[in-house]
Every structure is written in structure tokens, then in C-alpha cells.
Amino acid sequence: MRYLILLEQTEAGFAVQVPDLAISTYGKDIPSAKKAAIKAIRINLETYSEIGKPVPAPIPIIMHLENLDVADILFSYVELVENKERLAA
């Protein structure tokens, strides 16, 4: 599974959002921000499964690209592969 993330540099590192799952997290640098996003996504997906709710459908990327509120934010993807964490640029 692949999820879009939004990275925004702050004074202390990188804030990261996973808009499809309403997740916000943080990392000192981009790799640690992506790892934090993967961890948060896994926890979120497990929670959906445990409570028997469907995972929200992804928002088309064009909707994010057209959003002027995130025009200066770095877009990237993280990919969840089985039980291993693999980062996709």
C-alpha cells in the first residue's frame, strides 16, 4: 500500500501529514519523518481493522495539488510492504 504524505520543514525538523488518514506526526529529518508516518499509518490501519470500520478511500492527488494551502509543502509517498518498512521517494 502506498500513501501520500505532506512534509513541511519547521525549525525543529519536519512535520508530516497523511491526509488520507488524518494523521499528523513529526521527524527530525525527512527519513525519520517518513518512518514516523509509516508507524502512524500501521497503527491507524490496525485500529480500523480492530473496530471493523473500512479504511477511508484515498483522495486524488490532484485535489492536494490544487489546494493553495499546501502549495509550499513537499509531497512524497511512503509505501507499506508486509511487515517491513520501505521508504519510497
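Using unit Cβ charges (K, R positive; D, E negative) and no other charged atoms, how large, in debye to the nearest 20, is the dipole of the chain about its Cα centre?
Using Cβ point charges on Lys, Arg, Asp and Glu, the chain gives about 360 debye.
Please list, in chain and number order, the residues 5+ apart from TYR77 or on another chain whose amide H is under 5 Å from its amide H, with Hs placed from the backbone.
Correct list: ILE5.
Among THR47, THR10, which comes first, then next, by fewest other beta-carbon atoms within 10 Å?
THR10, THR47
Report, by chain and number, residues whose modeled amide H sits under 5 Å from the one on ILE23, excluding near sequence neighbours (fewer than 5 apart, same chain).
VAL18
In the chain, how many lysine pairs have Cα atoms under 17 Å apart, counting only pairs 8 or more places apart or on different chains?
Working: LYS28/LYS39; LYS34/LYS84; LYS35/LYS84; LYS39/LYS84.
Going through the chain pair by pair, I get 4.
Only one of the listed values, (i) 0.96; (ii) 1.33; (iii) 1.02, was derived from the coordinates as Rg/Rh (Cα atoms, Kirkwood Rh); which label is it?
Correct label is (i).
Based on DSSP, what percent of beta bridges with both residues in the range 2-88 are antiparallel, to the nearest 5?
Details: 20 of 20 bridges.
Roughly 100 percent of the DSSP beta bridges within the range 2-88 come out antiparallel.
Any read-out appearing in this document is the output of simple, stated calculations on the displayed coordinates, not a laboratory observation. Note that this is a predicted model, so its numbers are computed, not measured. Every residue, glycine among them, receives a Cβ derived from its backbone with ideal geometry; neighbour counts consider all protein chains shown.
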